[in-house]
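Engineer: Take this structure first; my questions come after.
The values are calculated or read from the model by the stated rules, or taken from the named source; none is laboratory data. Being a predicted model, the structure only gives us computed values, none of them experimental. Positions of Cβ are generated from backbone atoms using ideal geometry, with glycine treated the same way; all protein chains shown enter the neighbour counts. For the accessible areas, the whole protein counts, side chains as well, though only heavy atoms, and no ligand, DNA or RNA atoms are used. Shrake-Rupley method; radii C 1.70, N 1.55, O 1.52, S 1.80 Å.
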Amino acid sequence: MNSRALAALLSSLISELLLLLLLLFPSSNPLTITSNSNSGSNFYETIFPLIHHFLSSAELVTSLSLLSISRKRKRTHQPDLDNEDEEDEPGSELARFELGLTQNPDSFKGCFRMTSSTFEWLSGLLEPLLDCRDPIGSPLNLAPEIRLGIGLFRLATGSDYPEIARRFGVSESITRFCVKQLCRVLCTNFRFWIAFPSPIDLDSLSTSFEALTGLPNCCGVIDCTRFKIVRNNGFKLSPKEEVREESIAAQIVVDSSSRILSIVAGFRGDKGESRVLKSSTLYKDIEGGSLLNAPPVYMNGVGINQYLIGDGGYPLLPWLMVPFVDPAPGSYEENFNSAHHLMHISALRAIASLKDWGVLRQTIEGEFKMAVAYIGSCAILHNVLLMRDDYSALSDGLGDYSQSPQYCRNASLEESPIERNASVIRNALATRARKFHSSSHSMDPGGSVKAEPR
């Protein structure tokens, strides 16, 4: 029996011994450990947290260890399906036990925010990069599955390094190395999982938005969010040290399914949406004509270029549509705002999903560049899960991100030709939104849409 299988077996034995301990001390006769009359405490209050920790740690390490054994068995052993009388190979009982444990949905989703099948697929994909680049002269001798598990556990739960080290039975320095290694591999070697679509793909993307709201040529939703950070180089601050909380701004563009098409992070959190946008390469690429450069779609003589939609914190531009301010009830401006909000939900859901990753849900403690790596890694994993139809980490709600700032233009400034052009485009889209709204409310009882008179 190899060392990894032995470790898994020992972890299982420990779990059973702890459960046996509960049977030996039934709840009907609780024990109390006392040293004097004032220090008595219920036995269960003392032992339950310890038992819970050992059980969860044992299951976690055993799952990953057995998963590693299973993957190696798949690569090296192909069973003879025609020979049903063939005796089981050594360890087959362990393999059957592993199948139930590693596919426990609650265990994997709680620890890694993905299913066991996605974990195994990702482990196989990243194995060549995770299984190398160890510190010179200090090989870790850890399976790729364990390395991936350590990194994902940090991202998924936000647990600190000492806690992760205890759970996985490794040193704190190894834990830090595995987390940084995973973030480096994702952000360097697999950043292509976040990419702005090609012109052909943009056509199908805009079609999905048009089916939702009736507005043509929309190529994505842009939004900006912020993550809190305390710079402490990854170490806990002492009570005497001053806690200086900052924030990092991250700008994303998503499609109608909340898939991230573009992300840029690392701006100071006190920058507004408009300043972050104009500081990004996305703005330069669009203004320079290398993105959103397809021929316009014409509606009532108005050319509708490819565009993004954004909330009121962004400027109104020919390629960036923002809501109308205080539209009159029942007006076409209100219809446009309703369609705008419907499309904007995909960005709000993506932001809520990112902030559900444990390491981003709380204040990030660490170096600034590591915080940026966390944001990038979680965004890449967000897309990976959507690509595999794994919705373990996709938020059901919008959290506190559904309130968008209203667009407030400085009335003292003269309207520029660019803004006048953008207003014409937005008005044309608002007219289309009104027609789409009317047609969707003019369905007969049979469900068919009544044709509008020409």
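Engineer: Go through (1) out of contact with any helix residue (DSSP H, G or I) (no Cβ under 7 Å at 6 or more places or on another chain); (2) at pLDDT below 95 and name the single condition Leu261 misses.
Structural biologist: In the conditions (1) out of contact with any helix residue (DSSP H, G or I) (no Cβ under 7 Å at 6 or more places or on another chain); (2) at pLDDT below 95, Leu261 misses (2) alone.
Engineer: Let me ask something additional. Among the candidates Ala328, Ala350, which residue alone is more than 21 Å from the chain's Cα centre (by Cα) and of a type outside the set (Ser, Thr, Tyr)?
Structural biologist: Step by step, each of Ala328, Ala350 is checked, and only Ala328 is more than 21 Å from the chain's Cα centre (by Cα) and of a type outside the set (Ser, Thr, Tyr).
Engineer: Given (1) under 25 Å from Arg432 (Cβ atoms); (2) open to solvent by less than 10 Å² (accessible area, probe 1.4 Å); (3) in a helix (DSSP H, G or I), where does Ile222 come up short, assuming only one miss?
Structural biologist: Condition (3) is where Ile222 drops out.
Engineer: State the number of residues belonging to the stretch 283-303 that are more than 20 Å from Leu205 (Cβ to Cβ) and aliphatic (A, V, I, L, M).
Structural biologist: Residues meeting the conditions: 1.
Engineer: Residue under question is Ser331, and the condition is that it be in the same structural domain as Ser208 (by the TED database), among the small types (Gly, Ala, Ser) and touching a residue at least 60 places away in the same chain (Cβ under 8 Å); does it hold?
Structural biologist: No; evaluated as a whole, the condition is false for this residue.
Engineer: To continue, here is another question. Taking the stretch 295-313 as the search range and keeping residues that are of a type outside the set (Val, Ile, Thr) and touching a Cys at 6+ places or on another chain (Cβ under 9 Å), which one is surrounded by the fewest Cβ atoms within 10 Å (Cβ to Cβ)?
Structural biologist: Here is the first cut: in the stretch 295-313, the residues of a type outside the set (Val, Ile, Thr) are 295-296, 298-301, 303, 305-308, 310-313.
Remaining after also requiring touching a Cys at 6+ places or on another chain (Cβ under 9 Å): 306-308, 310-313.
Details: Gln306: 24, Tyr307: 25, Leu308: 27, Gly310: 29, Asp311: 22, Gly312: 16, Gly313: 19.
In this case the residue turns out to be Gly312.
Engineer: Residues in the stretch 272-285: is at least one assigned by the TED database to the domain that holds Leu202, in contact with a Ser or Thr (Cβ under 9 Å, 6 or more places away or on another chain) and acidic (Asp, Glu)?
Structural biologist: No: the stretch 272-285 contains no residue that is assigned by the TED database to the domain that holds Leu202, in contact with a Ser or Thr (Cβ under 9 Å, 6 or more places away or on another chain) and acidic (Asp, Glu).
Engineer: So, restricting to helices (runs of 4 or more DSSP H) that lie completely within the stretch 320-398, which ones have at least 3 residues that are open to solvent by 30 Å² or more (accessible area, probe 1.4 Å)?
Structural biologist: Once the helices (runs of 4 or more DSSP H) in the stretch 320-398 are filtered for at least 3 residues that are open to solvent by 30 Å² or more (accessible area, probe 1.4 Å), what remains is 332-354, 368-387.
Engineer: Sticking with this one: Of all residues in the stretch 141-161 being touching a helix residue (DSSP H, G or I) at 6+ places or on another chain (Cβ under 6 Å) and more than 20 Å from Ser392 (Cβ to Cβ), which is surrounded by the most Cβ atoms within 10 Å (Cβ to Cβ)?
Structural biologist: Arg147
Engineer: May I pose another question? Filter the stretch 204-230 down to residues that are in contact with a strand residue (DSSP E or B) (Cβ under 9 Å, 6 or more places away or on another chain) and without any contact (Cβ under 8 Å) to a residue 12 or more places away in the chain, then give me how many there are.
Structural biologist: The qualifying residues number 1.
Engineer: Go through the stretch 165-196 residue by residue and tally those that are crowded, with 19+ Cβ neighbours inside 10 Å, under 22 Å from His382 (Cα atoms) and more than 17 Å from the chain's Cα centre (by Cα).
Structural biologist: 2
Engineer: Filter the stretch 125-140 down to residues that are under 20 Å from Arg191 (Cβ atoms) and open to solvent by 30 Å² or more (accessible area, probe 1.4 Å) and give me whichever is modelled with the lowest pLDDT.
Structural biologist: Looking at the filtered set, the residue picked out is Arg133.
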